[in-house]
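**Student:** Take this structure, written in structure tokens, and hold onto it; I'll ask about it next.
The values are calculated or read from the model by the stated rules, or taken from the named source; none is laboratory data. Source: prediction; values computed, not measured. No Cβ is skipped: glycine too gets one built from the backbone with ideal geometry, and neighbour counts run over all protein chains shown. Only protein heavy atoms, including side chains, enter the accessible area calculation; ligands, DNA and RNA are left aside. Shrake-Rupley method; radii C 1.70, N 1.55, O 1.52, S 1.80 Å.
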Amino acid sequence: MIDTPDPRTLRRLRRAIRRLPRDQHAVFCAVRYEDLDYEQVAARTGLTVREVEHLLAQALFAIMRDMDNRPRRRLWRLW
């Protein structure tokens, strides 16, 4: 059984999705809300399938980071 998330979590999720860059937001919404596959999103946006996959991965990572309240870290600072 799936529990309904609390209203605070839903607000945070909506905010995280709204804060995505335009291209990530468009790809995320097309895949998650409109249930389009990567090929359909690529045809609609003029991107390659690989670019769609990359943008979706970036969007999911950004949403997870916002939901965890983690600051952005630049990879070059890890070395």
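**Student:** With the requirement that a residue be in contact (Cβ under 8 Å) with a residue 24 or more places away in the chain and of a type outside the set (A, V, I, L, M, F, W, C), what does region 23-60 give you?
**Tutor:** Across region 23-60, the qualifying residues are Asp23, Gln24, His25, Gln58.
**Student:** Restricting the first residue to region 61-76 and requiring it to be more than 12 Å from Arg12 (Cβ to Cβ) and part of a helix (DSSP H, G or I), which pairs with a second residue that is at pLDDT 90 or above and not hydrophobic (A, V, I, L, M, F, W, C) meet a Cβ separation below 8 Å and a spacing of at least six or different chains?
**Tutor:** Note: pairs meeting the criteria are Ala62/Arg19; Ala62/Gln24.
**Student:** Follow-up. Within region 6-55, track down each residue that is more than 12 Å from the chain's Cα centre (by Cα), within 16 Å of Asp66 (Cβ to Cβ) and open to solvent by less than 60 Å² (accessible area, probe 1.4 Å). Quick ask: steps written out before the conclusion?
**Tutor:** Filtering region 6-55 down to residues more than 12 Å from the chain's Cα centre (by Cα) leaves 6-12, 34-51.
Next, from what is left, pick out any that are within 16 Å of Asp66 (Cβ to Cβ): 8-12.
Residues satisfying the conditions are Thr9, Leu10, Arg12.
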